[in-house]
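The values are calculated or read from the model by the stated rules, or taken from the named source; none is laboratory data. Every value quoted in this text rests on a predicted model; they were computed, and no experiment measured them. Heads up, the Cβs are rebuilt from the backbone with ideal geometry, glycines too, and the neighbour counts pull from every protein chain shown. Accessible surface is based on the protein model in full, side chains and every heavy atom, while ligands, DNA and RNA are left aside. Shrake-Rupley method; radii C 1.70, N 1.55, O 1.52, S 1.80 Å.
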Amino acid sequence: MNDVLVGRGLAKRFGQTVALGGVDIAVRAGEAVAIMGPSGSGKSTLLHCLAGIMKPDAGEVHLLGRRIDTMSERRRSALRRTRFGFVFQFGQLLPELPAEENVALPLMLDGVPRAQAVRRAREWFAPLGLQSMEGRRPGELSGGQAQRVAIARALVSRPAVVFADEPTGALDQRTGHDTMRLLAEATKHNDASLIVVTHDPEVAAWCDRAAEVRDGLIVPSGVRA
């Protein structure tokens, strides 16, 4: 399988603190990878560098063979709207928008007309068990439902890679299990790669393999082959 996303020699400091000390990682097409490690180990910093949210101090990030860490902020922002999808711990849905517009938002920000964007967004509700919830605002959704809306938003633009930062951290165990199952299945069904930052082995078990971050370095430790 071809590598979709590659990080080479990634280094990042915050003052005197070394968050990343020269990390190498490659993610294949359609692969799900869990990045594990204790709090403060650098795993979220690694995700932010790979996703173009943060520029590394040294090293390179390549998406589909194209270097992205040297791009301007404007180009990286466009990339995050079109080629990357994001699921965060608390969903980060806009409270004033109904669910369908929260899902459609990446498309509208990229210039897709509202009616067309909403139409495409609605296609995700039934597959994720969100029938009839298109018009509900985030405050009218349960935690699990809100995370499924966030999954739909992450996938609506058909990204190459979906990044999930502690996607079940705010959910109870059963809801978290169901949410992670949906996230893993939906990304694979849509031929996207998945990178999950987590401290939970049960979340990591949904991925094809895991890599552990310790002292700013990544140590591969396969969950399953």
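Close amide H contacts of V213 (hydrogens built in the peptide plane, cut-off under 5 Å, sequence separation of 5 or more or a different chain): M36, G37, V219. What the phi angles of the stretch 174-188 give under the Karplus curve with 6.51, -1.76 and 1.60, with θ = phi - 60°, is a coupling list of 5, 5, x, 4, 5, 5, 5, 4, 4, 4, 5, 5, 5, 5, 5 Hz, glycine and proline written as x.
Using Cα-only point scatterers and the Debye equation, what is log10 of I(q)/I(0) for the stretch 1-146 at each q in 0.12, 0.17, 0.19, 0.21 Å⁻¹, rounded to two decimals? Taken in order of the listed q values, log10 I(q)/I(0) reads -0.64, -1.07, -1.16, -1.24. For the pair Q131 and R114, label points projected 7 Å from Cα toward Cβ lie 2.8 nm apart. Using equal-weight Cα scatterers in the Debye expression, the normalised intensity of the stretch 58-114 in log10 at q = 0.16 Å⁻¹ is -0.64. In the context of the full set of protein chains, the stretch 67-225 has a per residue accessible area of 48 Å² (1.4 Å probe). Contact order for the chain, expressed relative to its length and based on alpha carbon pairs under 8 Å spaced 6+ residues apart, stands at 29 percent. Here's how it looks for A58: its modeled amide H is under 5 Å from those of A11, which are all 5 or more places away or on a different chain.
R0 = 30 Å: FRET efficiency of H62 with Q173, Cβ-based, nearest 0.05? List each step's numbers first, then the result.
On the way: r = 37 Å, r/R0 = 1.23.
Computed FRET efficiency for H62 and Q173 comes out at 0.20.
Farthest towards the positive end of the charge dipole of the chain, among the residues Q147, G59, S77, is the Cα of S77, using unit charges on the Cβ of Lys, Arg, Asp and Glu. Taking all protein chains as shown and a probe of 1.4 angstrom, H189 keeps an accessible surface of around 150 Å². Any chance you could tell me what percent of the C-alpha pair distances in the stretch 83-224 go past 23 Å? Roughly 32 percent, rounded to a whole number.
From the alpha carbon centroid of the stretch 157-225 to that of the stretch 1-55 is 14 Å. For the chain, adding -39500 (n - 2.57) for each run of n ≥ 4 DSSP H residues and dividing by the number of residues yields -9500 deg cm²/dmol at 222 nm. Residues whose amide H lies under 5 Å from that of Q89, counting only those 5 or more places away or on a different chain, are D165; hydrogens are built 1.01 Å from N in the peptide plane.
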